[in-house]
Amino acid sequence: MTMPSAPPPPPFRRTAPADQADGLRRLFSSRSMRFVPVVSNPFIAHGGVLIERLCTVLDEMELDTLLVDASERGAAPKELANFDLAEGIEVLSERVAYLGARGLPARWVDSQGSTRGFLDAIAEALPSTQVVLVHASALELARLFGRGDEGVSRPRPLVLCDDRPESMTHAYAALKIFAQRADWRIHDLLMCAPRQSTHARLVAERLAHCSDLFLGGVQRDWVQVDPAEPPTATPSAALVGLVEQLLSSAAVLNPGESERAGLRVALPSHRQPSMT
């Protein structure tokens, strides 16, 4: 018997694979690539766990994902990647690939200080990728996405943090950079803290309060991840929901725009990348 006028469940839900597939088809109906900016935080004790969990969710959504690590502690690019990004991409699993890119975006800097050309180069290097996680500092992300160049929409950044004071201070500094450099005032927060932590919620609420009070910003959502959780554990519904929203708000780069930026992709700056 057919249920009359039942509202469809949200896309991507693990409990409804048919609707999940339909949601993915609609979101990725056009030939486009989605970029999700993930703010690095060198003061997180288990930052790699957060990145790993994001990749796990995307893998379970059956999305081809490229992790671009341009963070302060990311791997330096392979030598050939300075001339051909495809040479620096490593395959980690059937659906996840990795590009060590510390200092690499600077090779595509333009006269206005934007490194948007690096996004075009990524699209050229691995056009089959559906999702690109760009793990980098707030300054780097502001240069990549903050200007809202034609052909790429402005995404909502994901801020990483844990329940320690120095990590919270760094996360707030990132929010301040976004507000001042790119007029970004909405963010999501991914918190790395043990399940029994009494400080995780306090830190998240403190960041939300300071963002609102001093920057006029909004923390749309926050999710806690236990670093002791096995990598193979089923992602929580809250984390899956957060990733859904990140995909919906991701920067969308259409291949046609990348093709029109061909000279910018083919001819990166000869400036040496910063290795700080």
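For Leu253, state whether it is at pLDDT below 90, of a type in the set (A, V, I, L, M, F, W, C) and either closer than 25 Å to Glu52 by Cβ or within 19 Å of the chain's Cα centre (by Cα) (or both).
Values: at pLDDT below 90: yes; of a type in the set (A, V, I, L, M, F, W, C): yes; either closer than 25 Å to Glu52 by Cβ or within 19 Å of the chain's Cα centre (by Cα) (or both): yes.
So Leu253 passes the test.
Of all residues in region 74-85, how many are touching a helix residue (DSSP H, G or I) at 6+ places or on another chain (Cβ under 8 Å) and farther than 15 Å from Arg107 by Cα? So that I can check it myself, show each step before the final result.
Step one: list which residues in region 74-85 are touching a helix residue (DSSP H, G or I) at 6+ places or on another chain (Cβ under 8 Å), which gives 77-78, 80-82, 84-85.
When the remaining residues are screened for being farther than 15 Å from Arg107 by Cα, the result is none.
Of the residues in region 74-85, 0 are touching a helix residue (DSSP H, G or I) at 6+ places or on another chain (Cβ under 8 Å) and farther than 15 Å from Arg107 by Cα.
Taking the options Arg264, Arg271, name whichever one is in a helix (DSSP H, G or I), touching a helix residue (DSSP H, G or I) at 6+ places or on another chain (Cβ under 7 Å) and modelled with pLDDT under 95.
Arg264
Does Leu247 meet the test of being within 14 Å of the chain's Cα centre (by Cα), in a helix (DSSP H, G or I) and either under 21 Å from Arg116 (Cβ atoms) or acidic (Asp, Glu) (or both)? Spell out how you get there, then give the answer.
Details: within 14 Å of the chain's Cα centre (by Cα): yes; in a helix (DSSP H, G or I): yes; either under 21 Å from Arg116 (Cβ atoms) or acidic (Asp, Glu) (or both): yes.
When the stated conditions are applied, Leu247 passes them.
Identify, please: which residue in region 30-63 is under 11 Å from the mean Cα position of the chain (by Cα) and either hydroxyl-bearing (Ser, Thr, Tyr) or farther than 16 Å from Val223 by Cβ (or both) and is, among those, surrounded by the most Cβ atoms within 10 Å (Cβ to Cβ)?
Pro37
Would you check which residues across region 64-86 are of a type outside the set (Gly, Ala, Ser) and surrounded by 21 or more Cβ atoms within 10 Å (Cβ to Cβ) and list them? Before you say what the answer is, go through the steps one by one.
The first filter runs over region 64-86 and keeps only residues of a type outside the set (Gly, Ala, Ser), leaving 64-69, 72-73, 77-80, 82-85.
Thr65, Leu66, Leu67, Val68, Asp69, Pro77, Leu85 - these are the residues of region 64-86 that are of a type outside the set (Gly, Ala, Ser) and surrounded by 21 or more Cβ atoms within 10 Å (Cβ to Cβ).
Sort out for me the strands (runs of 3 or more DSSP E) sitting completely within region 34-113 that have 2 or more residues that are among the hydroxyl-bearing types (Ser, Thr, Tyr) and over 30 Å from Glu166 (Cα atoms). Give the derivation first.
Values: elements: 65-69, 89-91, 96-100.
Those strands (runs of 3 or more DSSP E) do not exist here; none qualify.
Output the residues belonging to region 63-90 that are modelled with pLDDT of 95 or more and among the hydrophobic types (A, V, I, L, M, F, W, C).
Answer for region 63-90, where residues must be modelled with pLDDT of 95 or more and among the hydrophobic types (A, V, I, L, M, F, W, C): Leu63, Leu66, Leu67, Val68, Ala70, Ile89.
Return only the number of the condition from (1) aromatic (Phe, Trp, Tyr); (2) more than 22 Å from Pro42 (Cβ to Cβ); (3) crowded, with 16+ Cβ neighbours inside 10 Å that Trp184 does not satisfy.
Status for Trp184: all satisfied but (2).
Given the criterion within 25 Å of Arg181 (Cα to Cα) and among the hydroxyl-bearing types (Ser, Thr, Tyr), identify the matching residue among Ser71, Ser32, Ser93, Ser128. Let's see the steps before the verdict.
Numbers: Ser32 fails: within 25 Å of Arg181 (Cα to Cα); Ser93 fails: within 25 Å of Arg181 (Cα to Cα); Ser128 fails: within 25 Å of Arg181 (Cα to Cα).
One residue alone meets the criteria, Ser71.
I'm told Leu119 meets every condition in (1) of a type in the set (A, V, I, L, M, F, W, C); (2) touching a Pro at 6+ places or on another chain (Cβ under 8 Å); (3) under 25 Å from Arg73 (Cβ atoms) except one. Can you identify the failing condition by its number?
All conditions pass for Leu119, except number (2).
Among what's in region 216-243 and is in a loop (DSSP other than H, G, I, E, B) and touching a strand residue (DSSP E or B) at 6+ places or on another chain (Cβ under 7 Å), pick the residue that is surrounded by the most Cβ atoms within 10 Å (Cβ to Cβ).
In the first step, residues of region 216-243 are kept if they are in a loop (DSSP other than H, G, I, E, B); the result is 216-217, 226-236.
Those left that are additionally touching a strand residue (DSSP E or B) at 6+ places or on another chain (Cβ under 7 Å): 217, 227.
Values: Gly217: 20, Pro227: 17.
Out of the qualifying residues, it is Gly217.
The values are calculated or read from the model by the stated rules, or taken from the named source; none is laboratory data. Computed from a prediction, not measured in an experiment: that's the story for all the values here. In this analysis, Cβ positions are derived from the backbone assuming ideal geometry, glycine residues included, and neighbour counts consider all displayed protein chains.
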